[in-house]
Amino acid sequence: MIGALVSNPTHDRQVTPLLRSADRRARDILCVYRLTQRQYEIVSRVARGRTDQQIADELGISPRTVSNSLARIYDRVGVSGRVHLAVLHATGKILMKPEA
């Protein structure tokens, strides 16, 4: 009986998305992401609603550097945009790595 469930393509199509969704929710609840000081500075400013240009001006870097940094941060924490990043920051899921 168990073998029938495992090899059933209909079952796989129904269960796999549920497992992925549960995995994402568990990751959001349990994970804390540690970022470099610069990455944390960028995330903090994103959470305050700053644009790439404003962040660049405040940190003395180019807007392109901010954009590239955000792309790496999104990839690292598994989000696709500023809003989710800001939510993770607001809920304390993003921390700065301690200096060595």
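The values are calculated or read from the model by the stated rules, or taken from the named source; none is laboratory data. A quick note: this is a predicted structure, and the numbers were derived from the prediction, not measured. Because the Cβ atoms are built from the backbone with ideal geometry, glycine has one as well, and the counts that use them run over all protein chains shown.
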Within region 28-36, is there a residue that is modelled with pLDDT of 90 or more, surrounded by 10 or more Cβ atoms within 10 Å (Cβ to Cβ) and of a type outside the set (A, V, I, L, M, F, W, C)?
yes
Name the single residue that is farthest from Leu35 (Cα to Cα) among those in region 89-100 being hydrophobic (A, V, I, L, M, F, W, C) and surrounded by fewer than 17 Cβ atoms within 10 Å (Cβ to Cβ).
Ala90
Please state which one of Ala56, Ala86, Ala47, Ala71 is exposed (fewer than 13 other Cβ atoms within 10 Å of the Cβ) and of a type outside the set (S, T, N, Q).
Ala71
Looking across region 66-80 at residues that are assigned to a helix (DSSP H, G or I) and of a type in the set (A, V, I, L, M, F, W, C), the single one that is modelled with the lowest pLDDT is Val77
Before we move on, is Ile55 assigned to a loop (DSSP other than H, G, I, E, B), modelled with pLDDT of 95 or more and among the hydrophobic types (A, V, I, L, M, F, W, C)?
no
Taking region 59-68 as the region of interest, how many residues are surrounded by 14 or more Cβ atoms within 10 Å (Cβ to Cβ) and either out of contact with any helix residue (DSSP H, G or I) (no Cβ under 9 Å at 6 or more places or on another chain) or under 14 Å from Gln37 (Cα atoms) (or both)?
2
Given (1) touching a strand residue (DSSP E or B) at 6+ places or on another chain (Cβ under 9 Å); (2) in a helix (DSSP H, G or I); (3) modelled with pLDDT under 95; (4) aliphatic (A, V, I, L, M), Ala86 misses just (1)
